[in-house]
Structure formats: structure tokens, C-alpha cells
Amino acid sequence: MPSVEQIFVTKPSMPTKEEYFEEVSGLWETGILTHSGVKHQELEHKLCELLGVEYMTLFTNGHLGLEACFSTLPRGGEVITTPFTFVSTTLAIARAGLTPVFCDIEPETYTIDPAKIEAAITSNTVAIAPVHVYGNVCDCAAIDEIAQRYNLTVIYDAAHAFGEQVDGRGIASFGDMSMFSFHATKVFNTGEGGGVACHNPEIKRALDAWKYYGFETSGGDVEVVGANAKMTEFAAAMGLCNLRHFEEEQKKRQQAYDRYKHNLAHVEGIHFCPEQPQVKSNHAYLPLTIEAQYYDRDAVVSRMDEAGVHPRKYFYPLTSEYSCFDYLQVDPHDTPIAFKASREVITLPLYAGLTDQQVDRVCEVLVEALA
Ligand SMILES: Cc1ncc(COP(=O)(O)O)c(C=O)c1O
């Protein structure tokens with residue numbers, strides 16, 4: 001029997017070998033492979049231009065970028081965030097000596113519900129850590145307004161929001177810091193990697209120090225309990241190559257996204273997130289809600305897996321359900337909208353190289369699995 005082509009939820013974008021080899025060839029002459037070399041500097045500069053931000057600090061991965069952001073806050077404080085995210089967000093808060101406080105999400109965008117933030121604020125609250133989920137953008141204006149009123153720092157987990165704009169304004173211009181993930185599966189990747197955008201030179205200095213063990217200057221004092229989280233020249237070079245193709249890859253994602261929406265428009269009991277008209281979306285993911293009143297989401301996923309199409313239950317479970325956070329004594333039902341989303345949402349395969357035929361096959365397999 002001929003083997004069936006497996007379609008996975010994502011596939012990394014890569015430059016040609018020739019383009020990458022050309023980009024890294026100079027490293028054999030300089031011998032500088034890390035420590036803010038030329039590739040690293042060029043990528044930071046180009047990302048500032050593209051994202052319209054003043055400062056960018058590159059990291060080994062997005063998670064360590066988040067840890068660096070939270071390390072700028074006073075230890076022992078509370079951070080208001082949501083449990084409908086990748087575990088990295090909650091881990092980074094906890095590992096910086098802070099307490100995550102879970103707030104529910106909006107049902108349409110799966111992002112933090114600003115109307116519920118104020119009730120979670122206490123005298124110990126130091127920050128809000130909203131997550132732009134799947135490329136859906138948080139209500140930044142409302143969040144920033146609350147933060148200003150209560151004098152709170154806003155750290156956006158923008159792992160999914162690279163290159164997005166709200167009313168023509170770059171997404172990283174909101175809040176105090178925004179962390180982007182450059183993991184292999186993201187819309188822009190450096191293999192592993194991440195970057196934090198900010199607007200304040202003091203914060204930029206603190207982030208730079210944190211990723212270099214906390215050294216203020218090379219060989220100087222260590223003021224903060226930092227880590228080693230520097231991006232290598234090889235990763236930065238991958239980023240420089242991928243950045244050249246970002247716009248063209250965005251168009252391909254848009255095409256696949258439109259085809260999915262067209263193909264599945266009339267299927268009952270499933271729905272896509274409504275588009276955010278003010279947002280220039282990057283179509284990072286394609287979330288689909290499989291309504292529990294009609295279907296068993298987990299059974300649908302199993303049937304699709306058997307047919308060689310691999311969607312992802314993302315995010316499942318809520319981060320508040322992981323046993324490492326038992327000490328917080330949180331009931332996941334306290335965030336009922338997030339809980340429901342974690343039981344109903346899947347993300348469908350979406351990446352720049354996905355062909356029309358593959359999109360059609362995913363849709364057919366989904367419809368059969370629903371039947
Ligand atoms: C919402 C979210 N936050 C943080 C991260 C961590 O980023 P990284 O994988 O670059 O460490 C991810 C990665 O998948 C993510 O999806």
C-alpha cells in the first residue's frame with residue numbers, strides 16, 4: 001500500500017543552503033561566533049527597523065528573553081497573566097521569583113480580558129503579562145491604560161505576534177517590553193532564538209546584562225543574577241537570511257489561510273476566530289474551535305492523526321493545570337473561558353510551503369473526522 005503523505009502542523013522556513021553558506025562564510029575569517037558579533041548587530045538593527053522599535057535584545061530563545069524581562073521586576077511580586085498560553089509564559093514568571101495570577105480570556109481572540117484585570121490587582125501586583133495568542137492581538141490600548149492607572153509594568157508575550165501592526169502601529173510599541181520567539185516553528189525563525197523589544201535605554205541595558213551572566217560591562221561587576229542567553233552568529237545569520245523572505249512568506253500564509261476559510265466556511269459546529277480589522281495579521285497559526293456541544297475535539301484529532309494529518313491541541317492543558325504549579329492552588333475552572341478554549345481549540349497545519357492541494361486534503365480529512 002502506498003504510504004500516505006503526513007501533513008504536520010508546521011514546517012520551518014529555511015533559506016537555500018547557498019544563501020545561508022554565503023551569509024556565514026565570513027565567520028571562518030573573523031572567528032567570532034558569539035558575543036554580539038557582526039551578524040548579531042546587523043540582525044538587531046534590521047529588526048528594530050522592521051518592527052519600528054528603538055531597542056532590541058537578541059536571546060538564545062524566546063523563553064530566556066521572557067525570563068530576562070521578568071527579572072527587571074521586584075522579586076516576590078504578583079504578575080497578572082492568562083493560563084491559555086504555552087507553559088513558557090508562566091514558567092518565566094515563576095522562575096523570576098514572581099507569582100503568576102491567572103485572569104480569564106476573551107472568547108473571540110483568546111487574549112486576556114481587560115475587563116477582568118482590575119479585579120485581580122492587589123497591593124502586591126507589579127506587572128501585567130498579556131499574551132498575543134496565535135497572532136490575535138490583545139486589546140493593548142485598554143491594557144496599557146489600566147497599567148498606567150495602577151503604575152504597573154506591561155510585558156507582552158508576543159511570541160506569536162512577529163511583524164504585526166495595529167492601526168499601522170507596530171505591535172511592540174505597546175507596553176514596556178515585548179518578547180518575540182524566533183523558534184523554528186515561528187513565522188520568522190533563527191532555528192532557536194528570541195528577541196525583546198523595548199523603548200527605554202535602562203531596560204535595554206538590564207536585558208543585555210542579564211543575558212551575559214549579569215555583567216554590567218565585560219569583566220565588571222555582576223549586579224543581577226543573570227544567565228548565559230546570548231544568540232550565536234550562526235543563529236543571527238539564519239535570521240538575516242529568513243528576514244529577506246519574510247514578506248513573501250507572509251503572502252503564502254495568507255493564501256493558505258484564505259483557502260482554509262473558503263473551504264470550511266459552511267461546516268457547522270466549527271468556527272475560526274473573527275478577523276481583527278485593525279490588525280495587520282501575520283497568520284502565525286490557524287486556530288479552529290470545535291464546539292463541544294456538537295463534537296468531541298479529542299476524537300476528531302485522533303481520527304485526523306490516523307489519516308496522516310496532524311493538527312495540534314494548542315494550548316492544552318491550561319498552564320494552571322500543570323502539576324509544577326500545584327503550589328499556586330488554582331482551580332482551572334476559575335478561568336472558565338480559558339478552560340473551555342483548552343478543550344475545544346485545535347490549530348490546523350499552516351506554513352508558507354503548504355500547497356493548495358495539502359490545504360484541500362487537510363479540509364477533507366477534517367470534514368471526514370467530524371462525520
Ligand atoms: C506563547 C509562547 N510564549 C513563549 C514561547 C517560548 O519561546 P521559545 O520557544 O522561543 O523559547 C513560546 C514558544 O513556542 C510561545 O508559544
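Bear in mind these aren't lab numbers, they're just calculated from the coordinates by the rules spelled out. All of these numbers come straight from a predicted model, not from anything done at the bench. Here the Cβ is made from the backbone with ideal geometry for all residues, glycine too, and neighbour counts use every protein chain on show.
What to note about this one:
- Taken over the range 245-370, the alpha-carbon convex hull comes to 143 cubic angstrom per residue.
- Averaged over residues, the count of other Cβ atoms within 10 Å places the peptides 56-63, 197-204 in the sequence 56-63, 197-204, highest first.
- Toward the positive end of the charge dipole of the range 245-370, with +1 on the Cβ of Lys and Arg and -1 on the Cβ of Asp and Glu, the farthest Cα among 246, 285, 263 is that of 246.
- With contacts taken as Cα pairs under 8 Å and at least 6 residues apart, the chain reaches a relative contact order of 23 percent.
- Residue 313 versus residue 368: modelled label distance in nm, points set 7 Å from Cα along the beta carbon direction: 2.2 nm
- Magnitude of the charge dipole, the range 245-370, Cβ model with Lys/Arg +1 and Asp/Glu -1, debye to 20: 320 debye
- Positive-end ranking of 351, 199, 338 along the dipole of the chain, with charges on Cβ about the Cα centre, is headed by 351.
- Hypothetical label at residue 292: residues of the range 327-355 whose amide nitrogen lies under 15 Å (7 Å Cα-Cβ projection): 332-346
- Taking the fewest neighbouring Cβ atoms within 10 Å as the starting point, the ordered list for 144, 334 is 334, 144.
- Restricting attention to the range 17-244, close to 50% of DSSP beta bridges with both partner residues there are antiparallel.
- Rounded to the nearest 20 debye, dipole of the chain from Cβ charges on Lys, Arg, Asp, Glu: 280 debye
- Estimated from the Cβ-Cβ distance and a Förster radius of 45 angstrom, the FRET efficiency linking residue 119 and residue 34 is about 0.50.
- Residue-normalised convex hull volume from the C-alpha trace of the chain: 148 Å³ per residue.
- In this label model, residue 356 and residue 49 are separated by 3.5 nm, measuring between points 7 Å along each Cα→Cβ vector.
- Based on the Stokes-Einstein relation at 4 °C and a viscosity of 1.567 mPa s, and on the Kirkwood radius from alpha carbon pairs, the range 1-106 is assigned a translational diffusion coefficient of 73 µm²/s.
- Relative packing of peptides 100-112, 158-170 - highest average C-beta neighbours within 10 Å first: 100-112, 158-170
- The charge dipole of the range 69-134, taken about the Cα centre with unit charges on the Cβ atoms of Lys, Arg (+1) and Asp, Glu (-1), comes to about 360 debye, rounded to the nearest 20.
- Spin-label pair residue 324/residue 228, simplified geometry with 7 Å Cα→Cβ offset, distance in nm: 2.1 nm
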